[in-house]
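Colleague: Quick one: this structure, given as structure tokens, is what I'll be asking you about.
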Amino acid sequence: MFHQIWAALLYLYGVILNPIYQCPEHSQLTTLGVDGKEFPEVHLGQWYFIAGAAPTKEELATFDPVDNIVFNMAAGSAPMQLNLRATIRTKDGLCVPRKWIYHLTEGSTDLRTEGRPDMKTELFSSSCPGGIMLNETGQGYQRFLLYNRSPHPPEKCVEEFKSLTSCLDSKAFLPTPRNQEACELPSN
């Protein structure tokens with residue numbers, strides 16, 4: 001008798017809470033309009049790194065010393081090329097400049113990082129205004145990264161990102177503190 005009552009309570013609990021805490025469908029991850037020919041201008045310009053999520057903490061370890069990162073995406077000199085410049089403000093106040101070149105993959109939404117053939121980057125829309133989400137995969141890691149046009153998007157955006165990536169098997173979550181002023185981006 002006790003087991004039947006317990007089973008009924010668990011069933012009701014699931015019926016009530018499942019619609020509230022249901023994970024979104026994978027189809028809600030909308031790949032952004034990279035058509036393999038050119039990168040849409042709407043995605044160019046300045047972006048702030050807000051948070052990362054991954055199956056393990058080790059996959060996010062590269063971001064542990066980071067306070068904030070500001071990026072600038074620009075069209076490259078070749079039609080299927082994208083230049084990315086960044087400055088990383090470390091927690092101890094240093095500014096570290098970085099540069100990458102992405103190549104659009106013809107007939108695909110994937111971006112490939114020059115010099116890192118094992119790395120694949122996919123861009124996804126974000127429900128957050130001014131937001132974009134990346135899924136980076138490489139040799140031995142996968143991580144989701146949240147970027148925004150604002151260095152301090154609404155907290156709801158960060159919570160939605162955390163919830164979505166949790167549903168996608170990301171157990172580790174790392175928001176950047178963004179306590180210090182962002183470093184200036186280096187010119188070309």
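The values are calculated or read from the model by the stated rules, or taken from the named source; none is laboratory data. Note that the coordinates shown come from a computational prediction; the quantities given were computed from them, not determined experimentally. With ideal geometry, Cβ positions are generated from the backbone for all residues, glycine too; neighbour counts draw on all protein chains shown. The accessibility values were calculated without ligands, DNA or RNA, using every heavy atom of the protein model including side chains. Shrake-Rupley method; radii C 1.70, N 1.55, O 1.52, S 1.80 Å.
Colleague: Could you sort H152, H103, H43 by their accessible area in this structure, using a 1.4 Å probe and putting the largest first?
Modeller: Solvent-accessible surface, decreasing: H152, H103, H43.
Colleague: In whole Hz, what ³J(HN,Hα) sequence does the range 76-88 give by Karplus (6.51, -1.76, 1.60; θ = phi - 60°), x for Gly and Pro?
Modeller: Residue by residue, the range 76-88 yields x, 6, 9, x, 10, 10, 10, 9, 10, 10, 8, 10, 9 Hz.
Colleague: Show me the ranking of peptides 114-122, 53-61, 167-175 by mean Cβ neighbours inside 10 Å, starting with the highest. Please list the in-between numbers first.
Modeller: Details: 114-122: 14.3, 53-61: 17.7, 167-175: 15.9.
Most protected by this proxy first, the peptides run 53-61, 167-175, 114-122.
Colleague: Take the alpha-carbon centre of the range 126-188, take the same for the range 72-104, and report the distance between them in whole Å.
Modeller: Going from one Cα centre to the other spans 16 Å.
Colleague: How far is it, in nm, from the label point at V96 to the one at R116 when both lie 7 Å from their Cα along the line to the Cβ?
Modeller: 1.3
Colleague: Turning to a different aspect of this structure: By its C-alpha gyration tensor, with a ≥ b ≥ c as the square roots of the eigenvalues, how is the range 97-188 shaped: rounded for a/c under 1.5, else prolate for a/b larger than b/c, else oblate?
Modeller: oblate
Colleague: Could you give the nm distance between label points at T105 and A74, where each point is 7 Å from its Cα heading toward the beta carbon?
Modeller: 2.7
Colleague: What is the gain in length, in nm to one decimal, between S125 and C167 on full extension, counting 0.36 nm per residue of separation less the C-alpha to C-alpha distance?
Modeller: Contour length minus Cα-Cα distance gives 13.5 nm.
Colleague: Here is a further query. Under 12 Å from a point 7 Å along the Cα-to-Cβ line of V42: which residues of the range 94-132 have their amide N that close?
Modeller: 125-126, 130-132
Colleague: Moving on to the next point. Setting aside same-chain residues fewer than 8 positions from K156, which lysines have a Cα under 29 Å from its Cα?
Modeller: Output for K156: K57, K91, K120, K171.
Colleague: To the nearest 10 square angstrom, how much accessible area does F161 have with a 1.4 angstrom probe?
Modeller: 10
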